[in-house]
Amino acid sequence: MKRLATVLTVFSLTGLGSAALAESHVDPAIAGAIEARQAHMQLYAHNIGVLGGMARERIPYDAEAAQAAASNIAALSTLNQSTYWPEGSDTSVEGSRALAAIWENLDDVMSKSEDLVMAAAVMEDAAGQGLGALQGAIGGLGGACGACHEDYRQSDD
């Protein structure tokens, strides 16, 4: 049931993004790529929110839910995302927060992506092993996500 709610939330969020991109007269291939990567990032955010909430003890630790969220992140991190990032899908397109620096520094982006895969694997091993284990792994996961966002995503400000 939780998985269904997550999927429905992502579809509704990406549906809103789809409407905005459709109205902005963006090339359909680029709009589709942006929508796909935003949906992917929403899934990361949802699952990291579960783990982060538990790590900060804002929500009760639940080994099964923690393990599911960590496994989702690990699976997401290994998906081939190459079609999500066509040139021209940066912040020059309304609705995208990707900076042009991504395409200028692909080797660094790929390295950061590999760091995320490794941090997600550590979290997957730790998440269901108790609150202390989850708390020990959350910093590496958050750091791996943040490293890419710092350099390659437009800030919220």
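Here are a few things to note about the model shown:
- The largest accessible area among Arg97, Arg58, Arg37 belongs to the first residue in Arg58, Arg97, Arg37, and the rest follow in falling order (1.4 Å probe, all chains).
- Distant-in-sequence amide H partners of Arg153 (H built 1.01 Å from N, under 5 Å): Leu99
- Whole-Hz Karplus values for segment 121-135 come out as 5, 4, 5, 4, 5, 8, 3, x, 9, x, 4, x, 5, 4, 4 Hz, taken residue by residue from phi with 6.51 cos²θ - 1.76 cosθ + 1.60 and θ = phi - 60°; glycine and proline positions read x.
- Farthest positive-ward along segment 91-157 dipole, Cα basis, beta-carbon charges - from Ala144, Ala133, Val122: Ala133
- Cα centre as origin, Lys/Arg/Asp/Glu Cβ charges: segment 25-157 dipole, Debye: 380
- Per-residue 3J(HN,Hα) values for segment 65-70, derived from phi via the Karplus relation 6.51 cos²θ - 1.76 cosθ + 1.60 with θ = phi - 60°, read 5, 5, 5, 4, 5, 5 Hz in sequence order (x marks Gly and Pro).
- Cα-based shape type of segment 101-157, given that a ≥ b ≥ c are square roots of the gyration tensor eigenvalues and the cut on a/c is 1.5: oblate
- Label-point separation, Ala45 to Ala75 (7 Å along Cα→Cβ), nm: 2.1
- Using the Cβ of His149 as centre and a radius below 14 Å, the other residues enclosed give a net charge of -2, where K and R count +1 and D and E count -1.
- Probing with 1.4 Å while keeping every protein chain in the model, the per residue accessible area of segment 52-157 equals 56 Å².
- Carbon + sulfur, % of accessible area of segment 19-144 - ligands and nucleic acids excluded, 1.4 Å: 55
- Here the gap between Ala29 and Arg97, fully extended at 0.36 nm per residue and compared with their Cα-Cα distance, gives a gain of 22.8 nm.
The values are calculated or read from the model by the stated rules, or taken from the named source; none is laboratory data. Keep in mind it's a predicted model, so treat the numbers as computed, not measured. A quick note on method: Cβ atoms are made from the backbone with ideal geometry, for glycine too, and the neighbour counts reach across all protein chains shown. Only protein heavy atoms, including side chains, enter the accessible area calculation; ligands, DNA and RNA are left aside. Shrake-Rupley method; radii C 1.70, N 1.55, O 1.52, S 1.80 Å.
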